[in-house]
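Structure first, then comments.
The values are calculated or read from the model by the stated rules, or taken from the named source; none is laboratory data. Remember, predicted model here, so these are calculated numbers, not experimental data. Heads up, the Cβs are rebuilt from the backbone with ideal geometry, glycines too, and the neighbour counts pull from every protein chain shown. We work out accessible area using only protein heavy atoms, side chains counted, and drop any ligands, DNA or RNA first. Shrake-Rupley method; radii C 1.70, N 1.55, O 1.52, S 1.80 Å.
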Amino acid sequence: WNVQAFHSVHSFQQRSSAISEAAEANNRRSFLEKSTAALVGALSFPTRALAEEDDQIDVYFGCGCFWHVQHEFVEAERNILGRSDDQLTSRAGYAGGRAGAKDGKVCYHNAQSISDYGKLGHAEVVSMKIPSSKYKDFAVEYCKLFRNGMRPDQAGDRGLEYRNLIGLKGGSKNPLALELIEASKATGDQLDFAVGKGDDSDAPRLVWIMDTEKYPFYIGENYHQFHDGFAFGENYPDSYNKLNKQFASKGEDFGSCPNGMVGIGIGGL
């Protein structure tokens, strides 16, 4: 891929590092495919056999701003799993930073700089609980978010807060990681993959695979849940937008972070 497509809000040294990492992605994909295949063989059962146990697994996906991504996975839950509104598990939040939580929380940017997710190295992601047998279907939906390996908001939202990443228990060592690569190939083979080490850089066409045991998901604020998308035409129905209040009224905990940048709680403000 053309490294000139990469843009970063960080220093020249960080940009150079990110470009170097992304340039090695083809070798990393080969390594990942081989290591994952070897793991499956060593466990003496195919990936599909594991998936057919149909156990519910916690996963997350990140691809730029989490508003649009959450909507797409809500639709996937409805269409692939037939879930009703009260059964939806897709939640916007943060993951991928080495620092974890600060004072027991991870927060959106705010005037007090309380537990700021960017400063903690996290990216915006959407978490969900799905049957392992359906993981590839959801991985396909994730890969369909990209166009020629680029995020829809690649020209606007840049930096580690918006990097591409996915989370699985065990990360690249999970046999389901191979299904992620297969999903990418099935949707145009746009993406490369590398093992995430936390605080990873933002590079086009590169997706970091995170181990959820090392890099867990942190729930986002209520006002970020079921939000309209960032782009023109992504004004979702009121019935969708009101789901955040419905889940909160049933006792779901969305944390105790400040209500946006200046306390309005709309559009991140």
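Accessible surface for the range 120-269, divided over its residues, is 41 Å² per residue with a 1.4 Å probe.
Working ranking of peptides 89-96, 137-144 by packing, defined as the average number of other Cβ atoms within 10 Å per residue, highest first, is 89-96, 137-144. In this structure the amide hydrogen of Leu206, modeled in the peptide plane, comes within under 5 Å of the amide hydrogens of Asp192, none closer than 5 places in sequence on its chain.
For the modelled label position 7 Å from the Cα of Ser239 along Cα-to-Cβ, which residues of the range 73-117 have backbone nitrogen atoms closer than 19 Å? Residues passing the 19 Å test: 73-90.
Give me the log10 of I(q) over I(0) for the range 78-227 at q = 0.09, 0.15 Å⁻¹, as the Debye formula computes it from C-alpha points; what are the numbers? After summing over all Cα pairs, the log10 values are -0.28, -0.80. Between Ala99 and Lys250, the simple spin-label model (points 7 angstrom out along Cα→Cβ) gives 3.4 nm. Using a Förster distance of 30 angstrom, determine the FRET efficiency expected from the C-beta separation of Ala231 and Gln112, and round it to 0.05. It comes out at approximately 0.50. Over the range 82-165, all Cα pairs binned in 5 Å intervals from 0 give whole-percent P(r) values of 3, 12, 18, 20, 17, 16, 11, 3, 0, listed from short to long.
Here the Karplus relation 6.51 cos²θ - 1.76 cosθ + 1.60, evaluated at θ = phi - 60°, turns the backbone of the range 117-134 into coupling constants of 4, x, 5, 8, x, 8, 10, 6, 9, 10, 9, 7, 10, 9, x, 4, 5, 9 Hz, with x for every Gly and Pro. The stretch between Arg78 and Lys197 holds 39.6 nm of extra length on full extension. This uses 0.36 nm per residue minus the Cα-Cα distance. Pairs spanning more than 21 Å between alpha-carbon atoms, out of Lys105/Lys136; Lys185/Lys214; Lys119/Lys197; Lys214/Lys245; Lys214/Lys242; Lys105/Lys242: Lys105/Lys136; Lys185/Lys214; Lys214/Lys245; Lys214/Lys242; Lys105/Lys242.
Peptides 174-181, 209-216, 161-168, 242-249 ranked from most to least packed, by the mean per-residue count of other Cβ atoms within 10 Å: 161-168, 174-181, 209-216, 242-249. If you plug the beta carbon distance of Ser133 and Lys214 into 1/(1 + (r/R0)^6) with R0 = 25 Å, you get a FRET efficiency near 0.50.
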